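Working notes, beginning with the structure itself.
The values are calculated or read from the model by the stated rules, or taken from the named source; none is laboratory data. A quick note: this is a predicted structure, and the numbers were derived from the prediction, not measured. Positions of Cβ are backbone-derived with ideal geometry, glycine not excepted, and every protein chain shown enters the neighbour counts. What goes into the accessible areas is simple: the full protein's heavy atoms, side chains included, and nothing from ligands, DNA or RNA. Shrake-Rupley method; radii C 1.70, N 1.55, O 1.52, S 1.80 Å.
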Amino acid sequence: MYSFDKGIERRNTNCEKWDAPFVGENVLPMWVADMDFEIAPAITRRLVKAAGKGAFGYQFLSDQYYEAVQSFMSKKHDYPVERDWICYVENVVQGLFLALEAVSEKGDEVIIQTPVYGPFFRVAKESGRKIVESRLRNEDGYYTMDFEGLEACITDRTKALLLCNPHNPSGRVWTKEELTRLAGICAEHHICIISDDIHSDIIGRESRHTVIAPICREFGGSCIVCTSPSKPFNIASVHVANCLIEDEVIRKEFQRLQGIYHMKDCNAFAEEALIGAYEESDEWLKEVNEYIEGNIDVFVDYIQKNIPALKVRKPEGTYLVWVDFSQTNIPAEDIKEELKEKCRILVNEGTFFGEAGKGFARFNLACPRSYVEQAFERLGEYFARAEHF
Ligand SMILES: Cc1ncc(COP(=O)(O)O)c(C=O)c1O
């Protein structure tokens with residue numbers, strides 16, 4: 001049994017979440033998506049051992065690295081991958097950039113389903129592609145894909161769709177049926193699905209993550225899956241992620257771009273961290289999932305029972321909770337500042353996820369239960385004052 005209650009002191013460690021200059025004194029940081037838990041001991045052991053090696057010249061990834069990815073994807077996600085399909089990248093966003101460049105040209109259109117993780121907009125815009133926004137439907141806090149709307153915005157220039165699976169910020173774990181319908185539409189119109197699966201290993205007990213790649217294959221469509229141990233094992237700064245690319249032509253182009261940008265070299269610590277995570281930390285992952293679900297339960301239950309002005313649903317996956325402030329009298333553009341000033345909680349503001357996120361705030365609950373309790377108590381006290389309704 002791991003003890004997540006005690007967390008880990010992160011202040012004064014150059015950690016963005018706690019030490020960024022704008023966080024402020026006595027503010028509970030519930031913004032950037034990483035965890036306030038100590039990592040799994042197997043990962044620490046491997047990193048310490050790697051540090052003792054004494055030579056850190058260029059190196060390549062070991063067989064064990066590839067086997068660890070293959071075995072994890074197969075056992076955990078029922079997605080057997082061939083070794084050749086695995087393309088190491090430093091992080092998922094880098095993978096999204098390369099993937100989009102590999103499957104489209106400047107001026108081509110890329111669909112994103114909003115609200116969605118902010119850098120999706122940047123990836124499309126900064127690479128000279130045209131963003132086509134297909135808003136998700138929000139029915140009482142439950143987000144679904146708008147398939148009719150999505151089909152209606154497809155043109156001859158639409159070459160890619162950036163999928164967030166599971167979805168940040170809504171916490172939806174897309175079902176096989178939803179993904180099948182999406183894959184069918186994209187295959188029919190020769191649109192490559194670039195699937196960001198970074199949140200696929202924090203999943204609630206009622207849901208199951210589905211990798212879209214085999215579904216795309218059945219339809220004869222193409223797909224790039226970007227995955228990483230960084231979110232579930234809290235190792236974002238170690239920089240390890242993988243793009244899984246079945247299509248050889250796309251893969252060769254992806255790797256050509258990696259070569260041009262000098263992005264092919266691996267890092268000795270990344271390799272060890274991934275092996276420690278994927279091969280030796282099953283129990284830790286299981287327990288952290290349970291703990292996070294407990295955090296979500298108490299947070300959402302409290303809000304639903306005590307703060308009727310806020311609308312919230314339990315996410316099916318991720319450790320992120322998407323809260324609707326639109327029924328309060330706080331102006332949308334002030335929500336983040338108001339929560340920081342009056343509740344001493346720092347969140348991500350809804351518009352980080354695009355215009356479709358206006359009026360919302362995202363809370364990160366990957367932290368000790370006591371922080372979650374402090375957060376909802378502060379919210380409760382704030383909303384108990386009548387003028388906020
Ligand atoms: C959906 C999604 N993709 C990518 C990232 C960032 O991943 P990386 O640091 O590997 O680029 C995040 C981080 O919050 C995320 O939520």
Rounded, prolate or oblate: which fits the range 148-282 when a ≥ b ≥ c are the square roots of the eigenvalues of the alpha-carbon gyration tensor, with rounded for a/c under 1.5 and prolate only if a/b beats b/c?
-> oblate
Whole-percent carbon and sulfur share, accessible surface of the chain, 1.4 Å | 48
Along its principal axes, what span do the Cα atoms of the range 218-289 show, with the longest given first and each in whole Å?
-> 39, 34, 16
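Please compute the volume of the convex hull spanned by the alpha-carbon atoms of the range 232-389 and report it per residue in Å³.
On the way: hull volume 25.7 nm³, N = 158.
Taking only Cα atoms, the range 232-389 has a hull volume of 162 Å³ per residue.
Considering only DSSP beta bridges whose two residues both sit in the range 35-193, what percent are antiparallel, to the nearest 5? Mind dumping the intermediate values first?
Numbers: 3 of 15 bridges.
Here the antiparallel bridges make up roughly 20 percent for the range 35-193.
Compute the Kirkwood hydrodynamic radius of the range 1-143, taking the inverse of the mean of 1/r over all pairs of distinct Cα atoms, and give it in Å to one decimal.
Kirkwood hydrodynamic radius for the range 1-143: 19.8 Å.
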With label points built 7 Å along Cα→Cβ from the Cα atoms of ARG344 and LYS252, find their separation and express it in nm.
-> 6.1
Length-normalised contact order of the chain, Cα under 8 Å, at least 6 apart, in percent, tallies to 23
Springs between alpha-carbon atoms under 10 Å, Gaussian network over the chain: tell me which of PHE363, PHE219, PHE72 tops the mean-square fluctuations.
-> PHE219
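Per DSSP H run of at least 4 residues, take -39500 (n - 2.57); add these up for the chain, divide by its residues and hand me the 222 nm value, nearest 500 deg cm²/dmol. Kindly include the intermediate steps, with their values, before the conclusion.
Values: 14 runs with 151 residues, N = 389.
-11500 deg cm²/dmol, from helical runs alone.
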How many times 2.2 N^0.38 Å is the alpha carbon radius of gyration of the chain?
-> 0.98
Selected from ARG172, ARG205, ARG251 as most flexible by GNM, with the chain as the system and alpha-carbon contacts under 10 Å = ARG205
Fraction of antiparallel bridges per DSSP, the chain only, in percent to nearest 5 | 50
Just for the range 145-297, what percent of DSSP beta bridges are antiparallel, to the closest 5?
-> 30
